[in-house]
1. Mind checking which residues of region 108-125 are without any contact (Cβ under 8 Å) to a residue 40 or more places away in the chain and crowded, with 24+ Cβ neighbours inside 10 Å?
Amino acid sequence: MESAIGLESTSLLTAMISTFNSASRGEVTGENEPTEQSDKAEASPWVTAIVGDDHEAARSRIREILEEMGIRVVAEFSNGELLLDAVLRLRPQLVTVDIRMPGMNGLVATEHIKHDCPQTRVFVVTNYPNEQYRRAAEKMGADAFLAKSDAYAGLQQAIKQWFGLRSEASEDSAQAQ
């Protein structure tokens, strides 16, 4: 399995380098082709994310929100140890983690990620948005602490703050006003 994952990450890295080289020469084509929403289109190839949550429905919803914001989700995990391993290999710009996950909880994973990949932004997205967990997440180095019940607005705001990206829906609302 590790060799298959290694091939996948090598292919992803090769594709990202190819896209970067093409973009720097003004030759962007295919899925990265500029659209009318040029800010989002230009930023999206460069922001990658890994989603970690032990619930499939939560991972799916977070992925949808991130993709709407122009972020490319490169992997999803329900297990904290597997998530950490992927983060160390793929080095995404963003990781979302749940607090309670098998293998390694999201707070411990956050501490490891911020130690080994300090440039990676870690957003804790949880069903337990109490002050004790908020303080623990902050201590571990989390860049944002969000309640799942407010994931849509919370993720949009945190992504805008850290990456300067907006969702298509928020751009449509701004243009309508």
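Only the coordinates and a few stated rules stand behind these numbers; no lab work does. Every value quoted in this text rests on a predicted model; they were computed, and no experiment measured them. In this analysis, Cβ positions are derived from the backbone assuming ideal geometry, glycine residues included, and neighbour counts consider all displayed protein chains.
1. THR110, ILE113, VAL122, PHE123, VAL124
This table checks each residue for (1) under 11 Å from VAL97 (Cα atoms); (2) touching a Pro at 6+ places or on another chain (Cβ under 7 Å).
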position	(1), (2)
LYS114	no, no
VAL124	yes, no
ASN127	no, no
GLU131	no, no
GLU138	no, no
ALA144	yes, no
ALA147	no, yes
ALA153	no, no
